[in-house]
Amino acid sequence: MTDISMKHLRYFDALARHGHFGRAAHSCAISQPALSVQIKELEEILGAPLVERGARQIRLTSLGDAFALRVRDILRGVDELGDLARASHSPLVGRLRIGVIPTVAPYLLPRFVKALGARYPGIDLRPREAVTQTLIEDLLQGRLDTAIVALPVSEPALNEVAIFQEEFVLVRPQEDADDPVPNADALREMRLLLLEEGHCFRDQALSFCKLSSSSPRDLMEASSLSTLVQMVGAGIGVTLIPEMAVPIETRSASVSIARLPPPRPSRTIGMVWRKTTPLTEQLGHIADIVRQAGILEGSTGKAAPPLCPPRWAVSVRSHANLR
């Protein structure tokens, strides 16, 4: 067993996660034949098959399933050894893998990347945009160091840092700018445009309107806030967006922005990371940079009252304390 290398383990982990040689090879930045050779070599070392090879996908054998769990623990432990070394450096240096949800990334990342580079020039930032569930899974498996998401995430293995709160605003066609602003009950009767399933912002909008995804109504969906706003500008319906998205998403659309009547819907944006990571102190400092980068600049210029800056509240808390 001494012939098993870290390369064997990382390639097998990729194959176990993707269930496909081609996709696993792409994620490892190697050719499919090279990956296949490494997996075959690992099986020869173990003296037993780890995968059942099919025409389009692979299945793990019973040994493969058990082996995959142990491999993930080993890889996570090795990564944390690297984190331990990085944590000893001041200022922080090296790779930082950070995930960001799609309803935050386009608006926060440009300012955050610039601010982080100025504060920590030795950091090799590796941002990734994905929905919350994917980010949390990658974080727990050690494929990310931290993630910027909407809180809470309901995962006891993670620390949560609440960074700021922001309200949702109503986007409707420009010709409706002078109409009364609808409340949640009235929104339920309108054609509401939403993000597709998997986005936490969709769930928050549905919750405000007291709707469920299975409600017997004509809910129209899109994959991005930009598409939603453009659909509103075309007169297809109305939508809700977070206030940080207003300056970018509404500048080229014929829409009006309005604040909803109280109680206004809002969300808490924060950072999460594993409780076991040695980088806890450093990630706390980075959360403060995220907070500064996320300060909104004010008015939308879209026939609506000026949007106030978010209400900042930074604190490290476990999931249990956020309930």
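Bear in mind that the values in this text are calculations on the coordinates, not laboratory data. Only a predicted model underlies this, so the values are computations on that prediction, with no experimental measurement involved. Using ideal geometry, Cβ is built from the backbone for each residue, glycine included, and neighbour counts are taken over all protein chains shown.
Data table
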quantity	calculated
Packing-based ranking, highest mean first, of 281-292, 22-33 given that Cβ atoms within 10 Å are counted	281-292, 22-33
Sequence-distant residues sharing a close amide H with Leu194 (under 5 Å, placed H)	Met220, Glu221, Ala222
Those residues of the range 43-77 whose amide nitrogen sits under 17 Å from the label point placed on Val37, 7 Å along Cα→Cβ	43-45
Cβ-derived FRET efficiency at R0 45 Å, His26 paired with Thr280, nearest 0.05	0.85
The range 58-78-the range 126-152 distance, computed between alpha-carbon centres (Å)	21 Å
Debye, to nearest 20: dipole size of the chain, +1 on Lys, Arg Cβ, -1 on Asp, Glu Cβ	400 debye
For log10 I(q)/I(0) by the Debye sum over Cα atoms at q = 0.09, 0.10, 0.16 Å⁻¹, calculated from these coordinates, the label among [x] -0.58, -0.69, -1.26; [y] -0.65, -0.75, -1.30; [z] -0.48, -0.58, -1.40	[x]
Over the chain, relative contact order from alpha-carbon pairs under 8 Å, at least 6 apart, %	21 percent
Gly94 long-range amide H proximity, modeled H, under 5 Å	Ile123, Asp124
Ranked by how many other beta carbons lie within 10 Å on average, peptides 63-70, 130-137 from highest	130-137, 63-70
Peptides ranked, highest mean first, by Cβ atoms within 10 Å: ranges 35-41, 242-248, 121-127	242-248, 35-41, 121-127
Pair Ala157, Leu140: separation of 7 Å Cα→Cβ label points (nm)	0.6 nm
